[in-house]
Amino acid sequence: MAIEESENGREDVLIDGQKHGNVAVPDEFNVNYLKLYYAKLFPYADMFKWMSYGNDGKHPACDKYYIGRREFSFTLENDIYVRYQSFNNVVQFENSIKEKCPFKIDIGPVYSVDPAKKNAYAQSGDNVFTPVERELIFDIDISDYDDVRYCCSGADVCLECWPLMTIAIKVIDTALRDDFGFKHILWVYSGRRGVHCWVCDGKARRLTNEQRAAIADYFRVYKGNENSSKKVSLTGPVLHPFLVRSYSEVLEHFFETRLLLSQNIFSTEDRYEKILEMIPDTSATSDLRGKWQTKRGSKEDINVVRWEQLKNTLQSGKYKATGLRRCVEEIVFSFTYPRLDMEVSRHMNHLLKAPFCVHPKTGRVCVPIDPDHCDEFDPTAVPTLSQLFEELNMGGTRAYDDNEWDRTSLGESISFFRSSFLQPLLKSCKEEMESSYNAKLQQSKSSLSW
Amino acid sequence: MEIVKPKLKKPPTSANDAASTLPLYCSAPSLEVRLEDFELYAIDRLRVLKGISDGLSRGKQPEEMEKLVDDLWKEHMGYPLRSEVTNKDIISHFVLRLVYCRTEELRKWFLSNEIVLFRYRFLILSHEAQRLLMAELDLPYKPVTTAEFEGVKEKLHLVARSIGPPKLTEFDTIFYKVPFEEVPELVAGRRVFIYKGYAYVAMKQVVSLVATQFRGLLSKALVLTNRKWTSTIREQEKDRLTPIVEALCTSYLGPDYSQPKEFAEVSIKDIDQVAKSSFPLCMRHLFEKLREDHHLKHGGRMQLGLFLKGVGLKLDDALAFWKAEFSQKVGAERFDKEYAYSIRHNYGREGKRTDYTPYSCQKIISSNPGVGDHHGCPYRHFSEENLKAALSKMGVNSGALENVMDKVRNRHYQLACTLTFESIHGSSNDAGINHPNQYFSDSHEIFKSKNNPSGQGEALGDR
């Protein structure tokens, strides 16, 4: 077994629960741990069941070749990237991963033919090799919010800015269920600085690129870049009900009770000038600037005070410039509204990292997030590889158990994955399959009758 | 998409509905048509389409267009027997497809006006008929029940206000429920309320969607028709349908003024007065240039000469008129030798004796005057300055002048002329100017009625 040097210069080797040496294990990613993770913890059967969408059963309507048309891609050590992998059964899937030990596993679409054989079909020139099913996916990355968070930037995340992800989950999840009627939705921590969303209803998997783009545009509000001073423009006398609901149920609350304070949005001149830039009335802005240039001692938090002043000024009716009426909302939207990566959602052939992978930079597992309790999710408490192995080892040597993860913090995540997502999904797939099969039978029966 | 197999669904059997059924023109009818009807039906439908095209260029509002389409349809496509209406509808559409499939420009014109026609006819259908039509187009729209509507009314209202102009006069109360996947553009723009996977589409939006479907079908069909035309039909029909088809799209549809009306006769002594009061700008310009230069080149002679014939100038008067001018430049002898013949030719007294018809606006606008020419349409060819000067001289006030210039900039030359007419005569000209002789006779009508009826009007000549 190769020995990896950890950053601290300490070495550690774990073999089947026996620890050699008593040194503290580093949190960072470690190939050995990854190998053991794949050996003992990665939930192959659950993942494969999910991807099969019921086609691994015995029902006559099951398509046993379905799973073989799903693309997986592996990123190996040294950034070697292998695309168009496919597997006909869970054993092949498991063996391939254990053997190759990919640093990252991506999931692609289900194609019309086995992706591993795509070159055979490319010649026929009839576009035979094409995606036919793919989950509706979303990718939200906190570094896209760098212009509105002051505690961290880039790849860093902390508990002060993580609420931005909580907001995104709440807004999008509600819309996906209430507006679009989707039911089988999986939210996953991306391992470092964001979240992914997998919408797995049959209807969602069969959406065309155009329909996916339409949904992404429905969610889109933020349209800026570094150069524009105002990146959210809410035109029109009133807002669409979706935006109204998002604002009143989520955005306003989080802005006023969390972000305003944790990000100190008004506390320095630089910061409040950024807000003033978003107000299209110069007399209103000078009025406010005047108030804020003189720092007044107050028992209350300065951000809260200034926000109140801003709201009062803009909503007082004293200033009448056009574009002023929505300004307060625009500011709140700018600081809180979800910023999706549109490209990820638009195309069926876009790859996305699989849940339960381990992030190579943090060592954290990409665990599911419960949208109903996403306020409680703590990215800094997500199990890391090293943590998991400590937990495994503490269990001592036992009879080989199928469910090793039950001994670790991963157990919770996997239970949640099964009970909240996988089981209802598979039940629904089975029902769908049966009813469409019966419908076809009926049809063929009635067409035969004269 | 091929011209599809014949639709098996029949329209509802009730007699009332048959008349209001809007065909989708999916397949060519297997009806027998008399050759005369082939042309006549097409011409009638063309009147409707041209009326629509005019109405749009004049900037008519949707309510006005609705009425216009209804009137045009009743006037030109009406029939005592309902089944005849549908036959004529379908036949005329397919004939015009042949006519207008042949170039990109023709296809565009036909497509856009047929869509407008379709939209307004769709709007006046009964709800039942609309639903049937949507089903035919494979649009899975379900009307929202009253009970359901009450539940979502406020949200629908909110959406309408979030997208519409602030002064929305009516709030659509008719909505259709459709799976959101069917209306991606509306979803993307947040222009609909969505609930549990269904989009609530307002009537106005439905019409657009239905029209878009129809447009897709017709656009593809036109391309296919063009292929068929060039590959087989044109040659096959060269002795029968082809000449009719080729003539149809350039046909001018109004009266041709080849037979001057008796009461509008003009004699030479009236001509200067009449030119000032009742000539359209194109003819006035030619006339003035003739008086100035005592000469006009060929194009101008034709345009003005035929116009004068249409206005009622008799051959002898015409000869005298032109001679009086030309002889000042080229001498009487040369006039007799070189120019008199062609004037007589215009009146059908020479050569093959064709009685030439005065040029319509369409023809005049499309001509291209060169150096030294004064014919053509001044709204098209004059510089802005010159045009403004000329119009002011005619008596167009400055307010109207701006409107006229606006039409000119948008290349609506006939509308510009119509506005000029309206400004000078102080009354509206709803039909719009399509022919210089029409301008003249309309103007003449007005002056006649303005002066006392005993007939001491300006423009009456000798009898």
(request) Report, largest value first, the span of the C-alpha coordinates of the range B:386-428 along each principal axis, in whole Å. (result) 23, 23, 14
(message) Could you tell me what a quarter of the Cα convex hull surface of the range B:35-174 works out to, in nm² with one decimal place?
(response) 11.2
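Please state, rounded to one decimal and in Å, the Kirkwood hydrodynamic radius that the range B:77-138 gives when every pair of distinct Cα atoms enters the mean of 1/r. Working shown, then result.
On the way: mean 1/r = 0.0754 Å⁻¹.
With all distinct Cα pairs of the range B:77-138 included, I get 13.3 Å.
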(request) Might you tell me the accessible area per residue for chain B, computed with a 1.4 Å probe and given in Å²? (result) 51
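Calculate the dipole size of chain B relative to its Cα centre from +1 charges on Lys and Arg beta carbons and -1 charges on Asp and Glu beta carbons; express the result in debye to the nearest 20. It would help to have the intermediate numbers written out before the result.
Values: 66 positive and 61 negative charges, 186 e Å.
Charge dipole of chain B: 900 debye, to the nearest 20.
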(message) To make sure I understand the rule: partners must be lysines, Cα under 17 Å from the Cα of residue B:108, and not fewer than 8 residues away in the same chain. Which ones qualify?
(response) B:50, B:220
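Students often get this wrong, so check it: of B:309/B:363; B:88/B:228; B:269/B:309; A:183/A:430; A:291/A:311, which have C-alpha atoms separated by over 19 Å? Before the final figure, lay out each step's value.
On the way: B:309/B:363 17 Å; B:88/B:228 23 Å; B:269/B:309 15 Å; A:183/A:430 15 Å; A:291/A:311 13 Å.
Where the Cα-Cα span goes over 19 Å, the pairs concerned are B:88/B:228.
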(message) In Å², and per residue, what accessible area does the range A:126-272 have when probed at 1.4 Å with the other protein chains present?
(response) 35
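Could you tell me what % of all Cα pairs in the range B:174-242 have separations over 16 Å?
On the way: 1412 of 2346 pairs.
Of all Cα-Cα distances in the range B:174-242, 60 percent exceed 16 Å.
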(request) Quick one: compute a quarter of the convex hull surface over the Cα atoms of the range B:317-375 and quote it in nm². (result) 5.1
(message) Tell me which DSSP H helices of chain B clear both cut-offs, 30 Å or more of axial length from alpha-carbon atoms and a mean Kyte-Doolittle hydropathy of at least 0.0.
(response) B:35-57, B:203-228
(message) Using a 1.4 Å probe on the protein heavy atoms only, what accessible surface does residue A:118 show? Give it in Å² to the nearest 10.
(response) 40
(message) Can you tell me the orientation of helix A:327-336 relative to chain A, as the angle in degrees between its alpha-carbon axis and the longest Cα principal axis, to the nearest 10?
(response) 30
(message) Please list log₁₀ I(q)/I(0) at q = 0.08 Å⁻¹ for the protein assembly as shown, using the Debye equation with identical point scatterers on the alpha-carbon positions.
(response) -0.97
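For chain A, which longest stretch is free of loop sites, where a loop site is one of the GluC sites (Glu not before Pro) that DSSP puts outside H, G, I, E and B and that has at most 15 other Cβ atoms within 10 Å?
Details: sites that count: A:7, A:226, A:277, A:300.
The answer is A:8-225.
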(message) To make sure I understand the rule: partners must be lysines, Cα under 27 Å from the Cα of residue A:104, and not fewer than 8 residues away in the same chain. Which ones qualify?
(response) A:19, A:35, A:40, A:49, A:64, A:117, A:118, A:353, A:361
(message) If the only charges are +1 at each Lys and Arg Cβ and -1 at each Asp and Glu Cβ, what is the size of the charge dipole of the protein assembly as shown around the Cα centre, to the nearest 20 debye?
(response) 2520
(request) Please give the helix A:282-293 orientation as an angle from the longest Cα principal axis of chain A, in degrees from 0 to 90, rounded to the nearest 10. (result) 90
(message) With N set to the number of residues, divide the alpha-carbon radius of gyration of the range A:296-369 by 2.2 N^0.38 Å and report two decimals.
(response) 1.89
(request) Compute the length gained on full extension between residue B:333 and residue B:154: take 0.36 nm times their separation in residues and subtract their Cα-Cα distance, giving the result in nm to one decimal. (result) 55.8 nm
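Taking R0 as 30 Å, what FRET efficiency do you get between residue B:371 and residue A:322 from their Cβ-Cβ distance, rounded to the nearest 0.05? Provide the component values of the computation, followed by the final result.
Values: r = 53 Å, r/R0 = 1.77.
The calculated FRET efficiency here is 0.05.
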(request) Please provide three numbers in whole Å: the alpha-carbon extents of chain B along the principal axes, with the largest listed first. (result) 89, 55, 46
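May I ask for the accessible area buried between chains B and A, both sides summed, probe 1.4 Å, to the nearest 100 Å²?
On the way: alone 24680 and 22020 Å², together 44870 Å².
Interface area, both chains combined: 1800 Å², rounded to the nearest 100.
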(request) Evaluate 2.2 N^0.38 Å with N set to the residue count of chain A, then give the Cα radius of gyration divided by it. (result) 1.14
(request) Round to the nearest 10 and give me the degree value, 0 to 90, for the angle of helix A:163-174's Cα axis relative to the longest principal axis of chain A. (result) 70
(request) Find out how many positive minus negative residues lie around residue B:70, taking Lys and Arg as positive, Asp and Glu as negative, among other residues whose Cβ is under 12 Å from that of residue B:70. (result) -2
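The values are calculated or read from the model by the stated rules, or taken from the named source; none is laboratory data. This one's a predicted model, so the numbers in the text were calculated from it and none came from an experiment. Cβ: placed from backbone, ideal geometry, glycine included. Neighbour counts: every protein chain shown. Please note that ligands, DNA and RNA were not included when accessible areas were found on the heavy atoms of the full protein model with its side chains. Shrake-Rupley method; radii C 1.70, N 1.55, O 1.52, S 1.80 Å.
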